[in-house]
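Student: Sharing a structure here in structure tokens format.
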Amino acid sequence: MAKKLSRRSFLKKTMAYSATAVAAATALVPEKAAAKEDPILKKQPWEVNAGDPVDIHPYGFPSPYEHNVVRRTHELLSSGDKRASVAMCPIHELDGIITPNGLFFTRTHGGIAQIDPNEHRLMIHGLVEKPLVFTVEDLKKMPSESRIHFIECPANSSTAWRGPQFNSLQFIKGMMSCAEWTGVPVRYLLEMAGVKPEAKWVLAEGGDSSHMARTLPIEKMLDDAMVVYAQNGEALRPEQGYPLRLLVPGWEGNLNVKWLRRLKLGDKPWHAKEETSKYTMLTPGGKAIQYFWPMEVNSVITNPCPEKPWTHLKKGDIVEIEGLAWSGQGTIKGVDISFDGGKNWVPAKLKGLVLPKAWTRFSYIYKWEGKPLLLCSRAYDETGTVQPTVGQEIAKMGVEAIYHRNAIITWEVKANGEVNHVEIRKPLVDIAKEAGWRK
Amino acid sequence: MRKFRHIITTLSIAAIAVVTSSASASEKMVKLKDGRVIIKTHVLPFKKKNIDGSAPYKRHGEYVGPYRINPQAEKVAKKLPYGQKATKEEIKAWDIDVRPDGLGLPVGKGTVDEGEALYEKKCQMCHGDFGTGGKGFPPLAGGDHDSLKNQLLDPNAGDEPPVRTIGTYWPYASTIFWYVKSGMPFPHPMTLTDDETYALTAYLLNVNDITFKNGDDIEYLDNKNFLNVVMPNHDGFYPDVDGPHAKQNIKNLLAHPEKYGDVTYRCMKNCIKGKVPVVHITNELKGFNPPMSTKRDWGGMNWILPNAGHKESFEEKVYNKVCSACHSNKAIGAPMIGDKEAWAKVLKKGIDKVYENAIKGVGAMPPKGGTNLSDEDFKKVVDYIISKSK
């Protein structure tokens, strides 16, 4: 049996790997090709045995060798059970700007609803001329648009306000993903219902058990908001709101209401639970910012990172430094890189598609000298806004805001290539004193 | 401020999206008095920005930003033959939101005492006695409003964190009513009556020491006296989004990035004076699920189909969907599935008593776990849990 054979030989190989792996404190050491047997000189089981039949599974799966490329959870990031919780996207393993649907980060407030699309409706009511109900099929028949946009939870990096705690890119920045979305512009639906002039706000509500709702300004709904039913070419996954989700490009993930069933137009905001008790930023002095919608300009180096260190590099090796930049306020204009913790900076190159409110890849070709680095990136967008240092952000926002942390992220690259999450800043008390909100 | 303009560099910025990019620009490096060398970015003027501070899409012919569109689609939107008129009954069934001005408050009434009894039955197992929390779910009461001024910068210097509960942080009582009605109790939302929701809201305000604005104690809440509640933190938020200038207020914040810590220059040289201050991880958070690994080893087919070849039984299905919310969560205090000791203790009462409790409800557990299964079917589920706990 081909499968048995291959499994046995790989078990053997795995054992050989783990024996040679050098265990660092927390740094992960990637597998090196085994030197014992030249894979070219030996016959591989997959070349001397026919493979699986094409109908082995009507819906395909990644290779079993990719089983470590998965969403991960941490108990500190969820309430008591895994229904009001978050699963982090393995962004350290992603290439390009599109996140596969099975890896898209997942945040739910009442568990993942499994909705029957035949029983699902979208209602538009409130301050409209003609309240309407749409079936999912209705929406799919309408003229559609497809756009590539990231969705990011505003609590991304919230564990780092008082200092770094996770030594993992997946857990520092994994509350975000980027996909191509297909659906109907909300303004079509509002035109069909007829917006009354006094309508200034729209309540968007989900049909899952949390009935999560948020207030949005009508301006966004008439601009680029969409009701989407597809993600990367297929129906939304249940964990992304199947069958319908609101997409508000560039804005807080929470505003992209999943399992969308209702849009209600009104003359005042609603002050839902997720826009008062949560998703508000407490600032020094005790007042909190509310209705802060866009995700600010941001970036992170994805290669190297704590999960993908440079332990395999020799002095003098050429390597590509790569990362992701994104802004909810427009298109990424550029990214700078620093090797000394932000003392001096050089521009990196953008590569691939550069789209508004979408992940953008940046690149820098570097010669590794085997000397310790403090490696960081800093993005700026077409509005001219530049990603702040940790100190600049804390001076304004304090450390209790929870949400919307977009300060520069720094990797400490050690001489042996290990990568650790660090922060470049003065003691918090000194920042606060300089900013004037701590005596 | 004296400025030098000697160092000029050209940044080539990839312009892939033909319509949106305004070509690359030569940007001036400026040396500041303190030695830093910066580049000021081209800031989009406030007037041109959208309400959220974003750059508007450039529209040009068949382009919106970098995307091509079908301009005909826009024109026909109004004429599309889809969507049906929502009936009054349909709107009423789904119109569950409640606004601070009272819009959406249903007719009803509930007392603090009724709320307390309900709370102990349906909420206490997760939110603790009197809303004190402590079981992995958020506390609902406690803390001082003044604590919101706290910033936990240095615990060793005696800094305390701010405490965000209903009493200290929530600006409106309407949010409690709406959230309890639509989202609680967590395993079975939308099962409370309006009277029960008033009662629970009254109780939650009571345990937070909140009174009516004239100082009278809250003994009951109904749709008439509800608007007399003013929360301690009602003016704790900005910008003002309720008045006539709501949208300007919001734009005044969002379109001024310097107000929330962002900047509009790129420091390129000598950005940090002296030694670079590095903060390392002191208490590393570990315990990822599944454990972190980047190995490309043979995972077998089971990682893809963890239950391959395993068909979920009826009992298992009910357990996973309904019972697991409490019986797989240590924090709640129900006997955990697989906990032999706990179940042995339960079974001491005799299996008939266990069935009876499960069917009629016991303590925090609703009758039949909130399902509408037959007695016989629910007994099977109980048997399943017991079989897994031996």
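Student: Which numbered condition trips up A:Thr215, out of (1) facing chain B (nearest Cβ under 9 Å); (2) open to solvent by 10 Å² or more (accessible area, probe 1.4 Å)?
Tutor: In the conditions (1) facing chain B (nearest Cβ under 9 Å); (2) open to solvent by 10 Å² or more (accessible area, probe 1.4 Å), A:Thr215 misses (2) alone.
Student: Taking the options A:Phe166, A:Phe134, name whichever one is of a type in the set (Phe, Trp, Tyr), open to solvent by less than 10 Å² (accessible area, probe 1.4 Å), within 11 Å of chain B (Cβ to nearest Cβ) and in contact with a His (Cβ under 9 Å, 6 or more places away or on another chain).
Tutor: None of the others qualify; the one that does is A:Phe166.
Student: Conditions first: (1) closer than 30 Å to B:Ile176 by Cα; (2) open to solvent by less than 10 Å² (accessible area, probe 1.4 Å); (3) over 20 Å from the mean Cα position of the chain (by Cα); (4) not basic (Lys, Arg). A:Leu189 passes all but one, so which condition is the exception?
Tutor: The failed condition is (1).
Student: So, one more: Across the range A:268-277, which residue is farthest from B:Gly183 (Cα to Cα) among those that are assigned to a loop (DSSP other than H, G, I, E, B) and either touching a Ser or Thr at 6+ places or on another chain (Cβ under 8 Å) or more than 9 Å from chain B (Cβ to nearest Cβ) (or both)?
Tutor: So, considering only residues that are assigned to a loop (DSSP other than H, G, I, E, B) and either touching a Ser or Thr at 6+ places or on another chain (Cβ under 8 Å) or more than 9 Å from chain B (Cβ to nearest Cβ) (or both), the one farthest from B:Gly183 (Cα to Cα) is A:Pro269.
Student: Might you check whether a residue that is among the charged types (D, E, K, R), assigned to a loop (DSSP other than H, G, I, E, B) and either touching a His at 6+ places or on another chain (Cβ under 6 Å) or more than 9 Å from chain B (Cβ to nearest Cβ) (or both) occurs anywhere in the range A:103-111? Outline the logic, then answer.
Tutor: Step one: of the range A:103-111, the residues among the charged types (D, E, K, R) are A:107.
Cutting the leftovers down to assigned to a loop (DSSP other than H, G, I, E, B) gives us none.
The answer is no, given that none of the residues of the range A:103-111 is among the charged types (D, E, K, R), assigned to a loop (DSSP other than H, G, I, E, B) and either touching a His at 6+ places or on another chain (Cβ under 6 Å) or more than 9 Å from chain B (Cβ to nearest Cβ) (or both).
Matching residues to (1) closer than 30 Å to B:Pro45 by Cβ; (2) modelled with pLDDT of 95 or more; (3) of a type in the set (Val, Ile, Thr):
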position: B:Pro185; (1), (2), (3): no, no, no
position: B:Asp195; (1), (2), (3): no, yes, no
position: B:Tyr198; (1), (2), (3): no, yes, no
position: B:Phe226; (1), (2), (3): no, yes, no
position: B:Asp262; (1), (2), (3): yes, yes, no
position: B:Cys271; (1), (2), (3): yes, yes, no
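Student: Could you check the range A:370-381 and list, in sequence order, the residues that are within 7 Å of chain B (Cβ to nearest Cβ) and either surrounded by fewer than 24 Cβ atoms within 10 Å (Cβ to Cβ) or assigned to a helix (DSSP H, G or I) (or both)?
Tutor: Correct list: A:Leu374 only.
Student: Would you mind stating whether B:Leu227 is open to solvent by 50 Å² or more (accessible area, probe 1.4 Å), more than 7 Å from chain A (Cβ to nearest Cβ) and among the aliphatic types (A, V, I, L, M)? Let's see the steps before the verdict.
Tutor: Working: open to solvent by 50 Å² or more (accessible area, probe 1.4 Å): yes; more than 7 Å from chain A (Cβ to nearest Cβ): yes; among the aliphatic types (A, V, I, L, M): yes.
Against the criterion (open to solvent by 50 Å² or more (accessible area, probe 1.4 Å), more than 7 Å from chain A (Cβ to nearest Cβ) and among the aliphatic types (A, V, I, L, M)), B:Leu227 qualifies.
Student: Six or more apart or on different chains, Cβ atoms under 7 Å: show the pairs whose first residue is in the range A:76-98 and modelled with pLDDT of 85 or more and whose second is part of a loop (DSSP other than H, G, I, E, B) and among the aliphatic types (A, V, I, L, M).
Tutor: From the range A:76-98, the pairs are A:Leu76/B:Leu285; A:Val86/A:Met175; A:Met88/A:Met175; A:Pro90/A:Val69; A:Pro90/A:Val70; A:Glu93/A:Val69; A:Ile97/A:Leu353; A:Ile97/A:Ala358.
Student: How many residues are open to solvent by less than 70 Å² (accessible area, probe 1.4 Å) and closer than 17 Å to B:Thr175 by Cβ if we restrict to the range B:86-107?
Tutor: Of the residues in the range B:86-107, 11 are open to solvent by less than 70 Å² (accessible area, probe 1.4 Å) and closer than 17 Å to B:Thr175 by Cβ.
Student: Looking only at the range B:130-158, how many residues end up being over 21 Å from A:Trp161 (Cβ atoms) and facing chain A (nearest Cβ under 7 Å)?
Tutor: 3
Student: So if I check each of A:Lys349, A:Lys396, A:Lys333, which one is open to solvent by 10 Å² or more (accessible area, probe 1.4 Å), facing another protein chain (nearest Cβ under 8 Å) and either of a type in the set (S, T, N, Q) or touching a helix residue (DSSP H, G or I) at 6+ places or on another chain (Cβ under 8 Å) (or both)?
Tutor: None of the other options fit; the residue is A:Lys396.
Student: Turning to a different aspect of this structure: Restricting the search to the range B:159-168, which residues are touching a residue at least 40 places away in the same chain (Cβ under 8 Å) and within 8 Å of chain A (Cβ to nearest Cβ)?
Tutor: Scanning the range B:159-168 gives a single hit, B:Ile166.
Student: While we're on this one: Would you be able to tell me the number of residues in the range B:185-231 that are among the charged types (D, E, K, R) and either within 19 Å of B:Val107 (Cβ to Cβ) or part of a helix (DSSP H, G or I) (or both)?
Tutor: So the count comes out to 6.
Student: Scan the range A:124-144 residue by residue and report those that are touching a helix residue (DSSP H, G or I) at 6+ places or on another chain (Cβ under 6 Å) and in a strand (DSSP E or B).
Tutor: Selection gives A:Ile124, A:His125, A:Val128, A:Leu132.
Student: Moving on to the next point. Residue by residue through the range A:384-439, note down the ones that are acidic (Asp, Glu) and without any contact (Cβ under 8 Å) to a residue 24 or more places away in the chain.
Tutor: A:Glu393, A:Asp430
Student: Restricting to the range B:75-93, name every residue that is facing chain A (nearest Cβ under 8 Å) and of a type outside the set (Gly, Ala, Ser).
Tutor: B:Val76, B:Lys78, B:Leu80, B:Tyr82, B:Gln84, B:Lys85, B:Glu90, B:Ile91
Student: Now, a different point. Quick check on my filter: what residues within the range A:264-307 are closer than 22 Å to A:Asp224 by Cβ and acidic (Asp, Glu)?
Tutor: Those that are closer than 22 Å to A:Asp224 by Cβ and acidic (Asp, Glu): A:Glu274, A:Glu275, A:Glu296.
Student: Ok, one more. Name every residue in the range A:403-423 that is open to solvent by 20 Å² or more (accessible area, probe 1.4 Å) and within 9 Å of another protein chain (Cβ to nearest Cβ), in order of residue number.
Tutor: Within the range A:403-423, A:Glu412, A:Asn420 qualify.
Student: For B:Val318, indicate whether it is at pLDDT 95 or above and open to solvent by less than 30 Å² (accessible area, probe 1.4 Å).
Tutor: Numbers: at pLDDT 95 or above: no; open to solvent by less than 30 Å² (accessible area, probe 1.4 Å): yes.
No, not satisfied.
Student: Right, A:Lys315: within 10 Å of chain B (Cβ to nearest Cβ) and either in a strand (DSSP E or B) or surrounded by fewer than 24 Cβ atoms within 10 Å (Cβ to Cβ) (or both) or not? Steps first, please.
Tutor: On the way: within 10 Å of chain B (Cβ to nearest Cβ): no; either in a strand (DSSP E or B) or surrounded by fewer than 24 Cβ atoms within 10 Å (Cβ to Cβ) (or both): yes.
Here the answer is no, as A:Lys315 does not meet what is asked.
Student: Continuing with the same structure: Restricting to helices (runs of 4 or more DSSP H) lying wholly in the range B:306-390: which have 2 or more residues that are of a type in the set (Lys, Arg)? Let's see the steps before the verdict.
Tutor: On the way: elements: B:314-318, B:324-327, B:340-347, B:351-360, B:375-387.
The helices (runs of 4 or more DSSP H) meeting that bar are B:340-347, B:351-360, B:375-387.
Student: Any chance you could count how many residues in the range B:235-257 are facing another protein chain (nearest Cβ under 8 Å) and either under 22 Å from the mean Cα position of the chain (by Cα) or surrounded by fewer than 16 Cβ atoms within 10 Å (Cβ to Cβ) (or both)?
Tutor: Result for the range B:235-257: 8.
Student: Which count do you get for residues in the range A:225-261 that are of a type in the set (Asp, Glu) and either modelled with pLDDT under 95 or open to solvent by 10 Å² or more (accessible area, probe 1.4 Å) (or both)?
Tutor: Step one: filter the range A:225-261 for residues of a type in the set (Asp, Glu), giving A:234, A:239, A:252.
Those still in the list that are either modelled with pLDDT under 95 or open to solvent by 10 Å² or more (accessible area, probe 1.4 Å) (or both) too: A:234, A:239.
Total meeting the criteria: 2.
Student: Continuing with this model, one more query. Consider the range B:332-357. How many of its residues are of a type in the set (Lys, Arg) and either touching a residue at least 12 places away in the same chain (Cβ under 8 Å) or within 23 Å of B:Asn320 (Cβ to Cβ) (or both)?
Tutor: Summing the residues that are of a type in the set (Lys, Arg) and either touching a residue at least 12 places away in the same chain (Cβ under 8 Å) or within 23 Å of B:Asn320 (Cβ to Cβ) (or both) in the range B:332-357 gives 1.
Student: Please verify whether the range B:50-72 includes one or more residues that are within 11 Å of chain A (Cβ to nearest Cβ), closer than 28 Å to A:Lys140 by Cβ, surrounded by 17 or more Cβ atoms within 10 Å (Cβ to Cβ) and in contact with a helix residue (DSSP H, G or I) (Cβ under 6 Å, 6 or more places away or on another chain).
Tutor: no
Student: Kindly list the number of the only condition in (1) part of a strand (DSSP E or B); (2) outside the structural domain of A:Lys414 (by TED's automatic domain parsing) that fails for A:Phe292.
Tutor: That leaves (1) as the condition not met.
The values are calculated or read from the model by the stated rules, or taken from the named source; none is laboratory data. Keep in mind the model is a prediction, meaning the values are calculated, not measured. Glycine also receives a Cβ, built like all others from the backbone with ideal geometry; neighbour counts cover every protein chain displayed. Just the protein is used for accessible areas: all its heavy atoms, side chains included, with ligands, DNA and RNA removed. Shrake-Rupley method; radii C 1.70, N 1.55, O 1.52, S 1.80 Å.
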